[in-house]
Amino acid sequence: MDLYPAIDLRGGRCVRLRQGEYADETVYGDDPVAMARSFADAGARWIHVVDLDAARTGEGTNRAVVAAIVKEVRALNVSVQTGGGVRTEADIDELLACGVARVVVGTQAVQDPDFVAAVAPTRPGAVAVGLDARLLVNGSYEVAAHGWTAGTGVELFGLLARFADCGVAAAVITEIGRDGMLTGPDLDGLSRALNESPIGIVASGGVSSLADLVALRHLRSGLDGRDLLGAIAGKAIYEHRFTVAEGIAASSGTLQPGRKD
(Lines give C-alpha, C1' and ligand atoms only; values in the text may rest on other atoms or scores of the structure.)
Protein backbone atom coordinates (compact mmCIF):
# COMPACT_ATOMS: atom_id res chain seq x y z
CA MET A 1 0.00 0.00 0.00
CA ASP A 2 1.36 3.41 -0.96
CA LEU A 3 1.14 6.48 1.22
CA TYR A 4 -0.25 9.50 -0.62
CA PRO A 5 0.72 12.68 1.27
CA ALA A 6 -1.97 15.26 0.47
CA ILE A 7 -1.78 18.86 -0.63
CA ASP A 8 -5.14 20.65 -0.71
CA LEU A 9 -4.98 23.92 -2.61
CA ARG A 10 -7.11 26.96 -1.94
CA GLY A 11 -6.06 30.36 -3.14
CA GLY A 12 -2.65 28.92 -4.00
CA ARG A 13 -1.97 27.87 -0.40
CA CYS A 14 -1.80 24.51 1.39
CA VAL A 15 -4.91 24.12 3.53
CA ARG A 16 -7.04 21.48 5.21
CA LEU A 17 -10.79 21.56 5.74
CA ARG A 18 -12.76 19.87 8.50
CA GLN A 19 -15.50 17.61 7.14
CA GLY A 20 -15.38 19.42 3.81
CA GLU A 21 -16.49 22.75 5.29
CA TYR A 22 -14.92 25.65 3.40
CA ALA A 23 -15.58 27.95 6.36
CA ASP A 24 -13.53 25.65 8.63
CA GLU A 25 -10.09 25.92 7.09
CA THR A 26 -6.57 25.70 8.47
CA VAL A 27 -3.67 27.07 6.42
CA TYR A 28 -0.49 25.01 6.62
CA GLY A 29 1.75 26.80 4.13
CA ASP A 30 2.07 29.35 1.38
CA ASP A 31 4.40 27.29 -0.83
CA PRO A 32 2.74 24.08 -2.11
CA VAL A 33 5.70 23.37 -4.41
CA ALA A 34 8.14 23.34 -1.50
CA MET A 35 5.72 21.15 0.44
CA ALA A 36 5.58 18.68 -2.43
CA ARG A 37 9.37 18.65 -2.64
CA SER A 38 9.60 17.84 1.07
CA PHE A 39 7.24 14.90 0.57
CA ALA A 40 9.31 13.67 -2.37
CA ASP A 41 12.56 14.04 -0.44
CA ALA A 42 11.03 11.93 2.34
CA GLY A 43 10.48 9.05 -0.08
CA ALA A 44 6.86 9.43 -1.23
CA ARG A 45 6.10 7.72 -4.54
CA TRP A 46 2.77 9.50 -4.95
CA ILE A 47 1.45 12.92 -3.95
CA HIS A 48 -2.28 13.61 -3.87
CA VAL A 49 -3.22 17.18 -4.88
CA VAL A 50 -6.74 18.61 -4.69
CA ASP A 51 -7.81 21.94 -6.16
CA LEU A 52 -10.48 22.89 -3.62
CA ASP A 53 -11.39 26.09 -5.45
CA ALA A 54 -12.03 24.18 -8.65
CA ALA A 55 -13.93 21.44 -6.84
CA ARG A 56 -16.49 23.99 -5.72
CA THR A 57 -16.65 26.20 -8.82
CA GLY A 58 -15.42 24.03 -11.69
CA GLU A 59 -12.78 26.62 -12.58
CA GLY A 60 -9.19 25.36 -12.50
CA THR A 61 -7.74 28.38 -10.74
CA ASN A 62 -4.83 26.45 -9.20
CA ARG A 63 -3.74 24.47 -12.26
CA ALA A 64 -0.55 26.47 -12.67
CA VAL A 65 0.35 25.44 -9.12
CA VAL A 66 -0.42 21.80 -9.92
CA ALA A 67 1.85 22.03 -12.97
CA ALA A 68 4.62 23.54 -10.86
CA ILE A 69 4.30 20.71 -8.33
CA VAL A 70 4.56 18.11 -11.09
CA LYS A 71 7.62 19.81 -12.56
CA GLU A 72 9.30 19.91 -9.15
CA VAL A 73 8.85 16.23 -8.24
CA ARG A 74 8.84 14.45 -11.60
CA ALA A 75 12.63 14.33 -11.75
CA LEU A 76 12.52 12.40 -8.47
CA ASN A 77 10.23 9.75 -10.00
CA VAL A 78 7.27 10.89 -7.90
CA SER A 79 3.81 10.63 -9.45
CA VAL A 80 1.08 13.20 -8.87
CA GLN A 81 -2.59 12.30 -8.57
CA THR A 82 -4.87 15.30 -8.76
CA GLY A 83 -8.53 16.20 -8.76
CA GLY A 84 -10.92 19.06 -8.22
CA GLY A 85 -13.04 20.72 -10.88
CA VAL A 86 -12.41 18.10 -13.57
CA ARG A 87 -15.55 18.35 -15.65
CA THR A 88 -14.49 17.82 -19.30
CA GLU A 89 -12.12 15.83 -21.50
CA ALA A 90 -10.19 19.05 -21.99
CA ASP A 91 -9.69 19.33 -18.23
CA ILE A 92 -8.30 15.80 -18.10
CA ASP A 93 -6.01 16.31 -21.07
CA GLU A 94 -4.72 19.64 -19.76
CA LEU A 95 -3.66 17.99 -16.52
CA LEU A 96 -2.14 14.97 -18.26
CA ALA A 97 -0.24 17.27 -20.62
CA CYS A 98 1.48 18.95 -17.68
CA GLY A 99 2.62 15.57 -16.39
CA VAL A 100 -0.06 14.53 -13.90
CA ALA A 101 -0.05 10.72 -13.70
CA ARG A 102 -3.65 10.20 -12.59
CA VAL A 103 -6.62 12.56 -12.84
CA VAL A 104 -9.46 12.13 -10.36
CA VAL A 105 -12.95 12.85 -11.70
CA GLY A 106 -15.37 13.63 -8.90
CA THR A 107 -18.58 15.62 -9.42
CA GLN A 108 -18.73 14.79 -13.12
CA ALA A 109 -18.41 11.08 -12.35
CA VAL A 110 -21.37 11.32 -9.98
CA GLN A 111 -23.56 13.37 -12.30
CA ASP A 112 -22.64 11.55 -15.51
CA PRO A 113 -21.07 8.10 -15.01
CA ASP A 114 -21.17 7.58 -18.78
CA PHE A 115 -18.60 10.37 -19.10
CA VAL A 116 -16.11 8.23 -17.19
CA ALA A 117 -16.98 5.22 -19.33
CA ALA A 118 -16.12 7.28 -22.40
CA VAL A 119 -12.84 8.88 -21.27
CA ALA A 120 -11.16 6.22 -19.13
CA PRO A 121 -10.57 3.52 -21.78
CA THR A 122 -8.76 5.95 -24.06
CA ARG A 123 -6.43 7.07 -21.26
CA PRO A 124 -5.29 3.78 -19.70
CA GLY A 125 -4.23 4.06 -16.08
CA ALA A 126 -4.77 7.81 -16.03
CA VAL A 127 -8.38 8.33 -14.92
CA ALA A 128 -9.71 7.69 -11.41
CA VAL A 129 -13.04 8.46 -9.82
CA GLY A 130 -13.36 10.41 -6.59
CA LEU A 131 -16.32 9.27 -4.52
CA ASP A 132 -16.90 11.42 -1.45
CA ALA A 133 -19.73 10.20 0.74
CA ARG A 134 -21.36 10.86 4.10
CA LEU A 135 -22.27 7.95 6.32
CA LEU A 136 -25.93 8.45 7.24
CA VAL A 137 -27.69 7.39 10.42
CA ASN A 138 -29.36 4.52 8.57
CA GLY A 139 -25.95 3.05 7.66
CA SER A 140 -26.02 4.04 3.99
CA TYR A 141 -23.53 6.33 2.28
CA GLU A 142 -24.72 9.35 0.29
CA VAL A 143 -22.32 10.68 -2.32
CA ALA A 144 -21.68 14.44 -2.31
CA ALA A 145 -20.65 16.73 -5.15
CA HIS A 146 -19.28 20.21 -5.87
CA GLY A 147 -16.55 20.11 -3.27
CA TRP A 148 -18.81 18.29 -0.80
CA THR A 149 -21.20 21.23 -0.70
CA ALA A 150 -24.14 19.40 -2.32
CA GLY A 151 -25.86 16.13 -1.52
CA THR A 152 -26.88 13.99 -4.48
CA GLY A 153 -29.14 11.25 -3.16
CA VAL A 154 -26.79 8.77 -4.87
CA GLU A 155 -25.73 5.71 -2.87
CA LEU A 156 -21.98 5.06 -2.80
CA PHE A 157 -21.73 1.35 -3.51
CA GLY A 158 -24.30 1.35 -6.27
CA LEU A 159 -22.36 4.11 -8.01
CA LEU A 160 -19.05 2.32 -7.46
CA ALA A 161 -20.48 -0.75 -9.19
CA ARG A 162 -21.21 1.30 -12.31
CA PHE A 163 -17.48 1.88 -12.83
CA ALA A 164 -16.43 -1.77 -12.54
CA ASP A 165 -15.90 -2.27 -16.27
CA CYS A 166 -14.99 1.27 -17.29
CA GLY A 167 -11.22 0.90 -17.15
CA VAL A 168 -10.75 3.40 -14.33
CA ALA A 169 -7.38 3.26 -12.62
CA ALA A 170 -8.68 3.69 -9.08
CA ALA A 171 -11.51 4.89 -6.89
CA VAL A 172 -10.57 7.44 -4.24
CA ILE A 173 -13.12 6.98 -1.46
CA THR A 174 -13.61 9.53 1.31
CA GLU A 175 -16.02 9.36 4.23
CA ILE A 176 -16.62 13.09 4.64
CA GLY A 177 -17.48 12.97 8.32
CA ARG A 178 -13.97 11.73 9.11
CA ASP A 179 -12.03 14.02 6.80
CA GLY A 180 -9.76 16.39 8.68
CA MET A 181 -11.03 15.07 12.03
CA LEU A 182 -8.17 12.71 12.97
CA THR A 183 -10.72 10.16 14.20
CA GLY A 184 -9.49 7.15 12.22
CA PRO A 185 -10.46 5.84 8.77
CA ASP A 186 -13.75 4.17 7.89
CA LEU A 187 -12.41 0.62 7.92
CA ASP A 188 -15.85 -0.98 7.49
CA GLY A 189 -16.79 1.09 4.46
CA LEU A 190 -13.39 0.65 2.82
CA SER A 191 -13.45 -3.10 3.43
CA ARG A 192 -16.87 -3.26 1.81
CA ALA A 193 -15.58 -1.32 -1.21
CA LEU A 194 -12.66 -3.74 -1.57
CA ASN A 195 -15.00 -6.71 -1.42
CA GLU A 196 -17.69 -5.37 -3.74
CA SER A 197 -15.60 -3.82 -6.49
CA PRO A 198 -12.68 -4.99 -8.65
CA ILE A 199 -11.42 -1.40 -8.87
CA GLY A 200 -8.29 -0.47 -6.95
CA ILE A 201 -9.24 1.55 -3.86
CA VAL A 202 -7.38 4.54 -2.43
CA ALA A 203 -8.54 5.34 1.11
CA SER A 204 -9.06 8.93 2.19
CA GLY A 205 -10.25 10.60 5.38
CA GLY A 206 -9.58 10.21 9.07
CA VAL A 207 -6.01 8.90 9.17
CA SER A 208 -4.55 10.04 12.49
CA SER A 209 -1.73 7.66 13.36
CA LEU A 210 0.66 5.02 12.15
CA ALA A 211 -1.71 2.46 13.67
CA ASP A 212 -4.42 3.68 11.29
CA LEU A 213 -2.10 3.10 8.34
CA VAL A 214 -1.22 -0.38 9.60
CA ALA A 215 -4.94 -1.18 9.92
CA LEU A 216 -5.57 0.03 6.38
CA ARG A 217 -2.65 -2.02 5.07
CA HIS A 218 -4.20 -5.14 6.55
CA LEU A 219 -7.52 -4.68 4.73
CA ARG A 220 -7.83 -7.30 2.03
CA SER A 221 -10.46 -8.29 -0.49
CA GLY A 222 -12.01 -11.68 0.17
CA LEU A 223 -12.73 -11.96 -3.56
CA ASP A 224 -9.21 -11.86 -4.95
CA GLY A 225 -6.85 -11.00 -2.12
CA ARG A 226 -6.29 -7.38 -3.22
CA ASP A 227 -5.00 -4.80 -0.79
CA LEU A 228 -5.75 -1.11 -0.89
CA LEU A 229 -3.76 0.71 -3.55
CA GLY A 230 -3.01 3.51 -1.16
CA ALA A 231 -3.99 5.71 1.72
CA ILE A 232 -4.14 9.50 1.67
CA ALA A 233 -2.89 11.39 4.71
CA GLY A 234 -2.93 15.12 5.16
CA LYS A 235 -3.70 16.66 8.53
CA ALA A 236 -1.90 13.92 10.49
CA ILE A 237 1.29 14.83 8.64
CA TYR A 238 0.81 18.58 9.01
CA GLU A 239 0.01 18.19 12.70
CA HIS A 240 3.18 16.08 13.20
CA ARG A 241 1.37 12.90 14.24
CA PHE A 242 3.92 11.08 12.09
CA THR A 243 6.45 11.92 9.41
CA VAL A 244 6.06 11.04 5.76
CA ALA A 245 8.94 8.57 6.09
CA GLU A 246 7.24 6.87 9.05
CA GLY A 247 3.94 6.80 7.17
CA ILE A 248 5.58 5.16 4.19
CA ALA A 249 7.07 2.50 6.45
CA ALA A 250 3.71 1.80 8.09
CA SER A 251 1.97 1.65 4.72
CA SER A 252 4.52 -0.65 3.13
CA GLY A 253 4.97 -3.03 6.05
CA THR A 254 8.52 -1.98 6.91
CA LEU A 255 7.66 -0.15 10.14
CA GLN A 256 10.03 -1.11 12.96
CA PRO A 257 8.52 -3.53 15.49
CA GLY A 258 6.87 -1.77 18.39
CA ARG A 259 6.24 1.47 16.48
CA LYS A 260 2.52 1.42 15.61
CA ASP A 261 1.23 4.82 16.68
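The values are calculated or read from the model by the stated rules, or taken from the named source; none is laboratory data. If you're wondering where the values come from, they're calculated on a predicted model, not measured in any experiment. For neighbour counting, all protein chains shown are included, and Cβ atoms are generated from backbone atoms with ideal geometry for every residue, glycine included. Each accessible area value is taken on the protein alone, full model and side chains, heavy atoms only, with ligands, DNA and RNA left out. Shrake-Rupley method; radii C 1.70, N 1.55, O 1.52, S 1.80 Å.
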Scan segment 3-49 residue by residue and report those that are hydrophobic (A, V, I, L, M, F, W, C) and in a loop (DSSP other than H, G, I, E, B). Ala42, Ala44
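Does Asp132 count as of a type outside the set (Ser, Thr, Tyr), at pLDDT below 95 and within 27 Å of Ala40 (Cα to Cα)?
Numbers: of a type outside the set (Ser, Thr, Tyr): yes; at pLDDT below 95: yes; within 27 Å of Ala40 (Cα to Cα): yes.
Answer is yes for this residue.
Answer yes or no as to whether Ala203 is touching a Pro at 6+ places or on another chain (Cβ under 8 Å), open to solvent by less than 10 Å² (accessible area, probe 1.4 Å) and either within 23 Å of Val80 (Cα to Cα) or in contact (Cβ under 8 Å) with a residue 60 or more places away in the chain (or both). Give the steps one after another, and end with the answer.
Details: touching a Pro at 6+ places or on another chain (Cβ under 8 Å): yes; open to solvent by less than 10 Å² (accessible area, probe 1.4 Å): yes; either within 23 Å of Val80 (Cα to Cα) or in contact (Cβ under 8 Å) with a residue 60 or more places away in the chain (or both): yes.
In short, yes.
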Six or more apart or on different chains, Cβ atoms under 8 Å: show the pairs whose first residue is in segment 171-185 and without any contact (Cβ under 8 Å) to a residue 60 or more places away in the chain and open to solvent by less than 10 Å² (accessible area, probe 1.4 Å) and whose second is part of a loop (DSSP other than H, G, I, E, B) and aromatic (Phe, Trp, Tyr). Ala171/Phe163
Here are some conditions: (1) open to solvent by less than 30 Å² (accessible area, probe 1.4 Å); (2) in contact with a Phe, Trp or Tyr (Cβ under 9 Å, 6 or more places away or on another chain); (3) closer than 22 Å to Ala68 by Cβ. Pro113 meets all but one. Which one does it not meet? (3)
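State which residue is nearest to Ala6 (Cα to Cα) when the search covers only segment 50-66 and only residues that are part of a helix (DSSP H, G or I) and either open to solvent by 60 Å² or more (accessible area, probe 1.4 Å) or touching a residue at least 60 places away in the same chain (Cβ under 8 Å) (or both). Before the answer, list the steps.
If we filter segment 50-66 for residues that are part of a helix (DSSP H, G or I), which is where we start, we get 52-57, 63-66.
Okay, now just the ones that are also either open to solvent by 60 Å² or more (accessible area, probe 1.4 Å) or touching a residue at least 60 places away in the same chain (Cβ under 8 Å) (or both), so 52, 55-57, 64.
Numbers: Leu52: 12, Ala55: 15, Arg56: 18, Thr57: 21, Ala64: 17 Å.
This residue is Leu52.
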Exactly one of Arg45, Arg10 is open to solvent by 30 Å² or more (accessible area, probe 1.4 Å), among the basic types (Lys, Arg) and either modelled with pLDDT under 90 or over 27 Å from Arg226 (Cβ atoms) (or both), and that one is Arg10
For segment 147-158, the count of residues that are buried (at least 17 other Cβ atoms within 10 Å of the Cβ) and in contact (Cβ under 8 Å) with a residue 60 or more places away in the chain equals 2
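Taking Thr243, is it surrounded by fewer than 18 Cβ atoms within 10 Å (Cβ to Cβ) and touching a residue at least 24 places away in the same chain (Cβ under 8 Å)?
Numbers: surrounded by fewer than 18 Cβ atoms within 10 Å (Cβ to Cβ): yes; touching a residue at least 24 places away in the same chain (Cβ under 8 Å): yes.
Answer is yes for this residue.
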Need pairs with beta-carbon distance below 8 Å; first residue surrounded by 20 or more Cβ atoms within 10 Å (Cβ to Cβ) and within segment 67-92, second charged (D, E, K, R) and assigned to a strand (DSSP E or B); sequence gap 6+ or separate chains. Val80/Arg102; Gln81/Arg102; Thr82/Asp51; Thr82/Arg102; Gly83/Asp51; Gly84/Asp51; Gly85/Asp51
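Quick one: in segment 164-188, which of the residues that are β-branched (Val, Ile, Thr) and not in a loop (DSSP other than H, G, I, E, B) is farthest from Leu135 (Cα to Cα)?
First, pick out the residues of segment 164-188 that are β-branched (Val, Ile, Thr): 168, 172-174, 176, 183.
The next check asks that each one be not in a loop (DSSP other than H, G, I, E, B); those that pass are 172-174, 176.
Values: Val172: 16, Ile173: 12, Thr174: 10, Ile176: 8 Å.
The selected residue is Val172.
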Only residues that are out of contact with any Gly (no Cβ under 6 Å at 6 or more places or on another chain) and charged (D, E, K, R): list them for segment 72-118, please. Glu72, Glu89, Asp91, Asp93, Glu94, Arg102, Asp112, Asp114
Just to be sure, is Ala161 surrounded by fewer than 19 Cβ atoms within 10 Å (Cβ to Cβ), touching a Cys at 6+ places or on another chain (Cβ under 8 Å) and not in a loop (DSSP other than H, G, I, E, B)? no
